[in-house]
Amino acid sequence: LACLATSLFVVGGISAWYILHKRHTLLFRKSLGMALVGLLLVTPLQILIGDIAGLQLFHTQPAKAAAIEAHWDTNPDTEGAEWNIIAWPDKTRQNNTWALSIPHGLSLIVNHSMVGKVVGLKDFVPADQPPAIPLIFYTFRVMIGLGFAMTGLALVSAIVWWRRRKTTDESILPVWLLKCWVVAIPMGYIATECGWVVREVGRQPWAVYGLLRTEKAVSHMPAPAVATSLLLFVAIYTLLLVLFLLFAGRIIIKGPDINQQLPMYTPIRSNNTLLQDKD
């Protein structure tokens, strides 16, 4: 679903770019509309599935879930756990240097109640806690923030589209909203990468949670060999990204040739048909 939403925002953003530049407006109005319909179906499902997976995480990987929320102290069942909107977790001191929190918010999210126990990071020895807790905390919030921003953009666009459905303006959406679509093109990619960081960094130090540590699962290769292969991967994928942006940019700027005639249709004839013709 995340990949589908990302693709639909690319389609919608490119369509909005053409409409802003008043090129093939009617054609790209249709493609923007199709992307919008798809997003109205996909983005709410993505949020729902993400919420279900997040709640399950508190039962299957509680240390990871606590790191995502920078929640250190396990609260009693009769009290509510605070939800940290923003904070700065300090693993060395085993607390947050500062935090902006909503009382009872985390219990409401996890237990759907104003009170309820939520396991904190201090229930795990530091060696079993994820590293780079601030990275996990903030990449998760970037992912969630972008997800809701994308959903909001789709909903607002749908409402404006419906209200202006009888307008004679070919662009159908106002300029500011079309610009938002163009800006939203990379949002899906960023949100997906942030989700990957949360998943992979958050499960550390385990390769198999609670059973096999990463340090026991990795092959014993010298550091220079690992660094060399990593640098090669980074160089190759950076080159591929640059080439993709260059060629994709050229194709987009050039635009489709809607006046080009399609090739003539030639029916495929089977061998049996040819034999019958000879007879």
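What follows is calculated from the coordinates using simple rules that are stated; it is not laboratory data. Bear in mind the structure is a predicted one, so any value in this text is a computation, not a measurement. Here the Cβ positions follow ideal geometry from the backbone for every residue, glycine too, while neighbour counts run over all protein chains shown.
Listed values, structure above:
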item: Two-site FRET efficiency, THR192 against LEU239, from Cβ-Cβ distance with R₀ of 22 Å, rounded to 0.05; result: 0.55
item: ³J(HN,Hα), Karplus 6.51/-1.76/1.60, whole Hz, each residue of the stretch 80-90, x for Gly, Pro; result: x, 8, 6, 9, 7, 5, 9, 6, 10, x, 10
item: Cross-link partners of LYS22 among lysines (Cα-Cα below 21 Å; sequence separation of 8 or more within a chain); result: LYS30, LYS166, LYS179, LYS254
item: 15 Å beta-carbon shell around PRO103, net charge (K/R +1, D/E -1); result: -4
item: Angle between the chain longest axis and helix 223-254 axis [Cα atoms, degrees, rounded to 10]; result: 40
item: Crossing angle, helix 25-60 versus the chain [Cα axis fit, 0-90 degrees, rounded to tens]; result: 20
item: Degrees between helix 2-20 axis and first principal axis of the chain (Cα, 0 to 90, nearest 10); result: 50
item: Separation of the VAL125 and VAL156 label points, Cα + 7 Å toward Cβ, nm; result: 5.1
item: Value of relative contact order over the chain, rounded to a whole percent, pairs C-alpha under 8 Å and six or more apart; result: 21
